[in-house]
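The values are calculated or read from the model by the stated rules, or taken from the named source; none is laboratory data. The model shown is predicted, which means the values in this text are computed figures rather than measured ones. Cβ placement follows ideal geometry from the backbone for every residue including glycine, while neighbour counts extend to all protein chains displayed. For the accessible areas, the whole protein counts, side chains as well, though only heavy atoms, and no ligand, DNA or RNA atoms are used. Shrake-Rupley method; radii C 1.70, N 1.55, O 1.52, S 1.80 Å.
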Amino acid sequence: QVQLVESGGGLVQPGGSLRLSCAASGFTFSSYSINWYRQAPGKEREFVATISALGGGVRNYADSVKGRFTISRDNAKSTMYLQMNSLKPEDTAVYYCNVVYLRTDYWGQGTQVTVSS
């Protein structure tokens with residue numbers, strides 16, 4: 001069974017940094033694009049970043065995080081990361097990792113990121 005487990009969230013001051021992790025199991029991790037989404041209070045879930053299975057990983061980012069966040073993956077560890085720098089209060093959200101496997105969306109439980117002074 002597919003399992004995605006996020007970790008690394010917490011409370012951070014504006015301008016600070018966090019690194020989120022997503023540990024994956026139940027599928028051939030290296031063969032699939034893996035994604036980060038987030039859901040802020042009162043808002044719909046939104047795309048944050050994706051990393052492909054091609055050429056070590058082609059990356060795409062939402063405009064709101066481009067230049068501040070970096071997505072990466074370690075296929076040997078079946079783990080994806082999101083390095084978040086220059087955090088802003090509007091980055092406050094529950095962050096989820098996601099994979100589409102056999103035409104089904106799989107989601108982790110999420111990890112809370114709160115950016116506040």
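Quick look at the values:
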{"read-out": "Tally, over the range 82-117, of residues that are more than 14 Å from the chain's Cα centre (by Cα), open to solvent by less than 30 Å² (accessible area, probe 1.4 Å) and of a type in the set (Asp, Glu)", "value": "0"}
{"read-out": "Test for residue 79: is it farther than 16 Å from residue 43 by Cα, free of Cβ contacts under 8 Å to residues at least 24 places away in the same chain, among the β-branched types (Val, Ile, Thr) and surrounded by 15 or more Cβ atoms within 10 Å (Cβ to Cβ)", "value": "no"}
{"read-out": "Subset of the range 27-81 [among the hydrophobic types (A, V, I, L, M, F, W, C) and over 13 Å from the mean Cα position of the chain (by Cα)]", "value": "27, 29, 40, 53, 54, 58, 76"}
{"read-out": "So residue 15, is it surrounded by 12 or more Cβ atoms within 10 Å (Cβ to Cβ), in contact (Cβ under 8 Å) with a residue 60 or more places away in the chain and at positive phi", "value": "no"}
{"read-out": "Selection count, the range 36-58, where residues are part of a strand (DSSP E or B), surrounded by 16 or more Cβ atoms within 10 Å (Cβ to Cβ) and free of Cβ contacts under 8 Å to residues at least 40 places away in the same chain", "value": "3"}
{"read-out": "Condition met for residue 67 (free of Cβ contacts under 8 Å to residues at least 60 places away in the same chain, at positive phi and either among the aliphatic types (A, V, I, L, M) or open to solvent by less than 60 Å² (accessible area, probe 1.4 Å) (or both))", "value": "no"}
{"read-out": "Residue in the range 23-35 that is in a strand (DSSP E or B) and touching a Phe, Trp or Tyr at 6+ places or on another chain (Cβ under 6 Å) present", "value": "no"}
